[in-house]
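**Q** Have a look at this one before I ask anything.
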Amino acid sequence: MAKEIIIIVNAEEKPVPDETVTFDQIVELAYPGAPTGPQITYSITFEHAKEPKQGTLGPGGSVKVKPRNTVFDVIQANRA
């Protein structure tokens, strides 16, 4: 039986299917069904991950998470 992987996204526990999560997956967990496009940007910071341990996650990037400790903060912004 595979170990359940739970991460924290904007202070809420979220299950993920694999220990590697992508920028797009984190955005969808933080803002389900949110609009996308050149006028919408997301800023993602994280800590307590497996690799790298902390930092900023940009578009196209990924992070290896720990099963229950990894924390993501996601901010949505509109470009003026």
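The values are calculated or read from the model by the stated rules, or taken from the named source; none is laboratory data. If you're wondering where the values come from, they're calculated on a predicted model, not measured in any experiment. Note: ideal-geometry Cβ built from the backbone for every residue, glycine included; neighbour counts use all protein chains shown. Heavy atoms of the whole protein, side chains included, go into the accessibility calculation; ligands, DNA and RNA do not. Shrake-Rupley method; radii C 1.70, N 1.55, O 1.52, S 1.80 Å.
**Q** For Q54 and T41, calculate 0.36 nm times their separation in residues minus their Cα-Cα distance, and state this gained length in nm to one decimal. Could the numbers behind the result be given before it?
**A** Working: separation 13, 0.36 × 13 = 4.68 nm, distance 2.03 nm.
Length gained, Q54 through T41: 2.6 nm.
**Q** Taking the Cα centre of the stretch 7-80 as origin and charging only Cβ (+1 Lys, Arg; -1 Asp, Glu), how large is the dipole, in debye to the nearest 20? Before the final figure, lay out the partial values.
**A** Values: 7 positive and 9 negative charges, 30 e Å.
Roughly 140 debye for the stretch 7-80.
**Q** Next question. For the chain, which whole percent of the accessible surface, found with a 1.4 angstrom probe, sits on carbon and sulfur atoms? Let's see the in-between values first.
**A** Values: 2720 of 5230 Å².
Result for the chain: 52 percent of the exposed heavy-atom area is carbon or sulfur.
**Q** Another question, then. Let me know the longest stretch in the chain that avoids all trypsin sites (Lys or Arg not before Pro) found in a DSSP loop with at most 10 other C-beta atoms within 10 Å. Don't skip to the end; give the middle numbers.
**A** Details: sites that count: K3, R79.
No qualifying site falls inside 4-78, the longest such stretch.
**Q** Here's a follow-up. Give me the distance in nm between label points sitting 7 Å out from Cα along the Cα-to-Cβ direction at N78 and D18, one decimal.
**A** Result: 3.5 nm between the two label points.
**Q** Put a dot 7 Å past each Cα toward the Cβ at E4 and N69; how far apart are the dots in nm?
**A** 2.0 nm
**Q** Could I ask something else about it? For S62 and A34, what does the FRET efficiency come to when R0 = 30 Å and r is the distance between their Cβ atoms, rounded to the nearest 0.05? Before the final figure, lay out the partial values.
**A** Values: r = 19 Å, r/R0 = 0.65.
Once rounded, the FRET efficiency stands at 0.95.
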